[in-house]
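S.K.: Right, I'll just put the structure down here and ask away after.
Just so it is clear, none of the values below were taken in a lab; they were calculated from the coordinates. Source: prediction; values computed, not measured. We place every Cβ from the backbone using ideal geometry, glycine too, and count neighbours over all the protein chains shown.
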Amino acid sequence: MAAGLAGRVGAAEGPAVFTQHPADQTVVIGTSAAFSVGVDGSEPVVVQWFRNGVPVGGATNTVLTLAAVGANDHLKVFHATVSNALAVATSSNALLRVDPGVVMTVTNRAFEMTNLWRFNQSGVDPGVSWTATNYNDSAWSQGRALLYVEDAALSAPKNTLLTIGRTTYYFRTRFNVTNAVVPGASATLRIGALLDDGAVFYLNGRELVRPGMAAGAVAYGTFANRTVGDAAYEEFEVTVTNLVAGTNVFAAEVHQINAGSSDVVFGAALDVLLSTRVVDTQPPAVEYLVPPAGVTVRDLREVEVFFNEPVTGVNAADLLVQNVPANSVTTLGASRYLFAFTPPPPTGVVQLAWAPGHGITDLAGL
């Protein structure tokens, strides 16, 4: 929580007053919110911000910025006072709504299973820095996947023949992320692979996942801990924090099960899933009811309502049963409410409806 500084030009002499009051704010969770006021009066003028009536430490400027709002900031009330030697004035209240937002995910194919790779099958450990983004792999061989020594038919084209007899094979490639990795966004890598036998995958020098490999330090002489007959498609999803906009380096090391292994296979495809929360522009809707609409029941004394998102402002009178408000409502969850009514409606078709002007909204106020 930080206060922004706003200067005053041509201040008038007189008691401290507000020339602009703070406005209500609705922001997506995890983003920033800013309240501002305009003040005037004889110097020195002192501003103090309050949250639910409690002074905010250090918030003594005309702009109050909340760096990253959370769920506990929802429906908090902010106001400010301004004072000088002649008067103390209090601003109007401003309400902060924290919208949980809607998760939007964009999937980008970074490279295909037949991607071009730099590879090292020299039989020598390349050292600890070979997965780093600044590692010089220009002297490594180059070929398209699948890279292989395998007689069996596989589910992707066999493009580059490797040399058998190595314990470990090393692979590097680069890909670009053109979508901005915005603050607050999450990134997931979906790796589809054909492997024989085990492997360790890396993004920009950081390990992602190690199928068929035991925990602990891995070196050239480390064997896989599984035997693969014929390489079959495998898929892994890993949430990452070191994906960057622009060029990224994806690396893999493939390990044999033992020194006598007669085959090796490597190929990988990569999807980049970027998810972020955006402002919710749709009002809440009823997802389903218990009992559901259209069924026949012996006695109807309560109805459980499931909304498609968290809601607020739910009251018993909001639900009309045969045009009569429900007697009570119990909150069972952020989006789940139990309405009860006594006496139950008479035998026949029962009509449920929302009362005109009800106050049910989602957390964005829609």
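S.K.: Assuming R0 = 56 Å, what is the FRET efficiency of A285 and S141, from their Cβ-Cβ distance, to the nearest 0.05? Spell out each step's value before the answer.
M.R.: Details: r = 57 Å, r/R0 = 1.02.
That pair, A285 with S141, gives E of 0.45.
S.K.: Something else: Where the Cα atoms of the stretch 50-92 are projected onto their three principal axes, how long is each span, largest first, in whole Å?
M.R.: Result for the stretch 50-92: principal-axis Cα extents of 39, 17, 14 Å.
S.K.: Next question, about the same structure. What is the fewest-to-most order of D362, D73, D125 by other Cβ atoms lying within 10 Å of their Cβ? The partial results should precede the final answer.
M.R.: Working: D362 22, D73 19, D125 14.
Lowest to highest Cβ neighbour count: D125, D73, D362.
S.K.: Still on this model: Which order do peptides 107-115, 189-197, 142-150 fall in by mean Cβ count within 10 Å, highest first? Numbers along the way, then the final one.
M.R.: Details: 107-115: 15.7, 189-197: 22.1, 142-150: 19.9.
Top of the packing list down: 189-197, 142-150, 107-115.
S.K.: If you average over every viewing direction, what projected area does the convex hull of the Cα atoms of the stretch 43-200 give, in nm²?
M.R.: Numbers: hull surface 66.4 nm².
For the stretch 43-200, averaging the hull's shadow over all directions gives 16.6 nm².
S.K.: Please report the relative contact order for the chain, taking Cα pairs under 8 Å with a sequence separation of at least 6, and give it as a percent rounded to a whole number. Write out the running numbers ahead of the final one.
M.R.: On the way: 892 pairs, mean separation 56.4, N = 366.
Taking the mean separation of contacting Cα pairs over the length of the chain, I get 15 percent.
S.K.: Given contacts defined as C-alpha pairs under 8 Å and at least six residues apart, what's the relative contact order of the stretch 48-112, whole-number percent? Kindly include the intermediate steps, with their values, before the conclusion.
M.R.: Working: 73 pairs, mean separation 19.0, N = 65.
About 29 percent, as a whole number.
S.K.: How much length is gained if the chain between V54 and V77 is pulled fully straight, taking 0.36 nm per residue apart and subtracting their Cα-Cα distance, in nm to one decimal?
M.R.: 7.3 nm
S.K.: Ok, one more. Against the empirical 2.2 N^0.38 Å scaling, what ratio does the C-alpha Rg of the stretch 168-293 come to? Walk me through the numbers before you get to the answer.
M.R.: Details: Rg = 19.7 Å, N = 126, 2.2 N^0.38 = 13.8 Å.
Compared with the compact-globule rule of thumb, the stretch 168-293 sits at 1.42.
S.K.: Over the stretch 1-147, calculate the relative contact order: mean separation of alpha carbon pairs under 8 Å at least 6 apart, over the residue count, as a percent. All intermediate terms of the calculation are to be shown ahead of the outcome.
M.R.: Numbers: 293 pairs, mean separation 36.6, N = 147.
Relative contact order here is 25 percent.
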